[in-house]
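Remarks on the structure that follows.
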Amino acid sequence: MTLRGEIFKIIRGLYETDRNTPGEVLAGAIYGPSYLSFEYALSRHGLIPERVNLYTSASFQKNKNKLYQTPFGEFSYSDIPTDVFPHGVNIENMEDRPYTMATCEKALCDRLYKESPITSKRAMESFLFENLRIENEDFNNLNFNFIHKIALLYKKKNLYILSKMR
């Protein structure tokens with residue numbers, strides 16, 4: 001925190017007093033309700049090899065994608081179905097400040113929800129292992145009981161195919 005009482009504008013109506021506040025703890029306040037998911041969470045969980053600098057979050061009932069460029073980073077928000085929104089989300093802490101982030105399995109399901117239709121198991125394998133570059137061992141360590149539980153809530157063929165892969 002600054003000693004001079006400076007405040008830093010994040011977006012209209014939202015300010016922070018600490019220029020070093022992690023983006024993770026701001027993501028839910030910028031646009032909500034939301035939680036970190038998609039590529040950002042997949043990267044943080046180590047499921048995909050790329051480092052993701054864009055804070056990607058899931059929201060619901062907004063009917064639009066949002067993108068905010070702030071002094072604290074770039075934040076994007078995409079809708080997922082309301083019925084699946086509360087499942088597979090954990091409260092994490094960074095520098096003793098809480099934020100919400102999808103589990104690895106939920107982030108993968110959210111990502112597949114956004115993807116254009118995948119029509120076969122072979123195409124799904126190609127997407128997961130070639131496009132996203134997920135390692136077989138990491139994929140096999142996913143909690144498929146949880147994936148089976150939530151896959152149908154998305155009401156999308158991509159998630160149905162994923163749930164049948166194991």
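What follows draws every value from the coordinates through simple rules; no lab data is involved. Owing to the predicted nature of the structure, the values given are computational and were not obtained by experimental measurement. Please note: Cβ atoms are built from the backbone with ideal geometry, for glycine as well, and neighbour counts cover all protein chains shown.
Taking the structure as given and computing Rg and Dmax of the Cα atoms in Å, which label from [x] 16.9, 59; [y] 15.5, 50; [z] 20.4, 76 fits? Entry [x].
In straight-distance terms, cross-link reach from Lys9 covers every one of the aspartates and glutamates whose alpha-carbon lies under 15 Å from its own, apart from those fewer than eight places away in the same chain; here that gives Asp18, Glu74. Students often get this wrong, so check it: of Lys121/Lys149; Lys64/Lys149; Lys66/Lys114; Lys106/Lys155; Lys114/Lys155, which have C-alpha atoms separated by over 21 Å? Pairs exceeding the cut-off: Lys64/Lys149. Compared with the dominant Cα axis of the chain, that is its longest principal axis, helix 104-114 is turned about 80°. A simple packing score, the average count of other Cβ atoms within 10 Å per residue, orders the peptides 134-146, 41-53 as 41-53, 134-146, with the highest score first. Cross-link partners for Lys62 among the aspartates and glutamates, with Cα-Cα distance under 13 Å and sequence neighbours closer than 8 places in the same chain left out: Asp79.
3J(HN,Hα) along segment 13-21, derived from phi through the Karplus expression 6.51 cos²θ - 1.76 cosθ + 1.60 where θ = phi - 60°, amounts to x, 10, 10, 9, 9, 10, 4, 9, 4 Hz, with x in place of Gly and Pro.
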